[in-house]
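This report refers to the structure that appears directly beneath it.
Just so it is clear, none of the values below were taken in a lab; they were calculated from the coordinates. Since this is a predicted model, take the numbers as computed values, not measurements. So basically every Cβ, Gly included, is an ideal-geometry build from the backbone, and we count neighbours across all protein chains shown.
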Ligand SMILES: [Zn+2]
């Protein structure tokens, strides 16, 4: 006894495109010219070399992954661009998390100062 043949259903590609609802297009990503200099490339290579292939974030230590040379005190917060003492090698997830924490702290700073001023007047 043979199995009855059934028509096979094939999926049909959507004919609808994706709608871009953004009202303003983001500016194209461009690397900061400060980061393209030979001096910065040397700083970066030194920071990565020192790490001996491991993420330097406390409690991480991942190896066998791409490392990013990170400014411990971010440049936006006054960190020195080419000081090897201001560099550490971080894996992608630690670098993303640290950058987000630094950004959140930077954005909260005016409110923190305001609260501190209120507390001083009490
Ligand atoms: Zn890490």
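Please determine, in degrees from 0 to 90 and to the nearest 10, the orientation of helix 38-50 with respect to the longest principal axis defined by the Cα atoms of the chain, where the helix direction is its Cα long axis. So the helix axis and the longest Cα principal axis differ by about 80 degrees. Using alpha carbons only, the radius of gyration of the chain set against its Kirkwood radius gives Rg/Rh = 1.29.
Expressed as a fraction of 2.2 N^0.38 Å, the C-alpha radius of gyration for the stretch 74-122 is 1.53.
What FRET efficiency would be calculated for the residue pair residue 49, residue 76, taking the C-beta separation as r and a Förster radius of 25 Å, to the nearest 0.05? Result of the calculation: an efficiency of 0.45.
So if we plug the beta-carbon distance of residue 109 and residue 83 into 1/(1 + (r/R0)^6) with R0 = 22 Å, what FRET efficiency do we get, rounded to 0.05? Show your work: numbers first, answer last.
Numbers: r = 23 Å, r/R0 = 1.03.
So the FRET efficiency works out to roughly 0.45.
Working from Cα positions, state the angle (0 to 90°, nearest 10) between the long axis of helix 92-121 and the longest principal axis of the chain. Here the helix axis deviates by roughly 50 degrees.
Determine the calculated [θ] at 222 nm for the chain from helices alone, applying -39500 (n - 2.57) to every DSSP H run no shorter than 4 residues and normalising by the residue count; nearest 500 deg cm²/dmol. The partial results should precede the final answer.
Working: 2 runs with 43 residues, N = 122.
After summing the helix terms and dividing by residue count, I get -12500 deg cm²/dmol.
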